[in-house]
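Read through the structure below, which is laid out as structure tokens, and then see the notes.
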């Protein structure tokens, strides 16, 4: 639908501070040279591939995962562009959901811990777990594996002992669990990516998935958890506030959720101000596309300006369609500095070397 609204536009060409994209993927092969060009153009100083031992690519009905090789990340990214890339590993979780995650839980845990130790020794900075755990992954008997299954307990404990965070995705927008009808607020998204619909009763409900995840977080207070996409409850910021208040071992990022946040800008701004020390910058969108510079600048516009009536990129990083318009938060510079880079440096103090980045000349 076209709009007659006329508003001011203040699109930052670069982030107010050198930013660290703490949640992204190479999305298949990933054109690394193009990614670096985009990062340079928009002022992103470092980029995290959170699935470095897997390949995730967009397909016609959603995304596709297949096992990969951690060494490919180091040879293609980290070694060629020192200081620009870092990574997480999926360890033993880098397996498609259409096959059993394990035949024997004890052996899987031992193998996953062994891989995690090896990958951390080789340079991986954390453990990434996709939404398939709790939602799709089953054992050899066909039983759905709960996120807080006691059989997996030692994996999360080992991450804490190694001093690496667990970036765990649980659930999705609320509408993904509702019938795919024109009344669904994400109807167009679910038509574009039909595999993202979990309306079928064979899938657990969103409330169940979040309850399991929150139980997991509470059980492992010495492990740092990063809960992406505003802890996957951006539609209910009061609930996310409670989660953060009750669990000091939790950080969140807001990747791929500008739509949910930008339609409630007053509440979202209050939330960002309150939790400014626990929010990380990330996009979770391809950075090698023709529109990728615009994608990053839309994130900056959302954080830095009070602009109204603009649109976020689609989940695949393109601007081929619109959901609903959003408004910017106009955050203070001291808050922007924390979100763009200072908070992730609390987790990885050596990420950018000894010297903190300086803000660009505006």
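The table below gives the values:
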{"item": "Any chance residue 238 is closer than 18 Å to residue 173 by Cβ, over 17 Å from the mean Cα position of the chain (by Cα) and surrounded by fewer than 23 Cβ atoms within 10 Å (Cβ to Cβ)", "result": "yes"}
{"item": "Region 41-51 - residue that is farther than 14 Å from residue 24 by Cα and surrounded by fewer than 22 Cβ atoms within 10 Å (Cβ to Cβ) and, of those, nearest to the chain's Cα centre (by Cα)", "result": "43"}
{"item": "Failed item in (1) touching a residue at least 60 places away in the same chain (Cβ under 8 Å); (2) in a loop (DSSP other than H, G, I, E, B), with residue 119 passing the rest", "result": "(2)"}
{"item": "Hey, residue 321 at pLDDT below 95 and more than 20 Å from the chain's Cα centre (by Cα) or not", "result": "yes"}
{"item": "Matching residues, region 342-362, being out of contact with any strand residue (DSSP E or B) (no Cβ under 6 Å at 6 or more places or on another chain), modelled with pLDDT of 60 or more and either more than 22 Å from residue 78 (Cβ to Cβ) or in a helix (DSSP H, G or I) (or both)", "result": "342, 345, 346, 347, 358, 359, 360"}
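Listed here are the residues, each with its yes/no results for (1) surrounded by 15 or more Cβ atoms within 10 Å (Cβ to Cβ); (2) in contact with a helix residue (DSSP H, G or I) (Cβ under 6 Å, 6 or more places away or on another chain); (3) under 23 Å from residue 289 (Cα atoms); (4) touching a residue at least 40 places away in the same chain (Cβ under 8 Å).
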site	(1), (2), (3), (4)
5	no, no, no, yes
31	yes, no, yes, yes
39	yes, no, yes, yes
53	yes, yes, yes, yes
67	no, no, no, no
83	no, no, yes, yes
107	no, no, no, no
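The values are calculated or read from the model by the stated rules, or taken from the named source; none is laboratory data. Keep in mind that this is a model prediction, so the values were computed, not measured. Methodologically, a virtual Cβ is constructed for each residue, glycine included, from the backbone with ideal geometry; neighbour enumeration extends over all protein chains shown.
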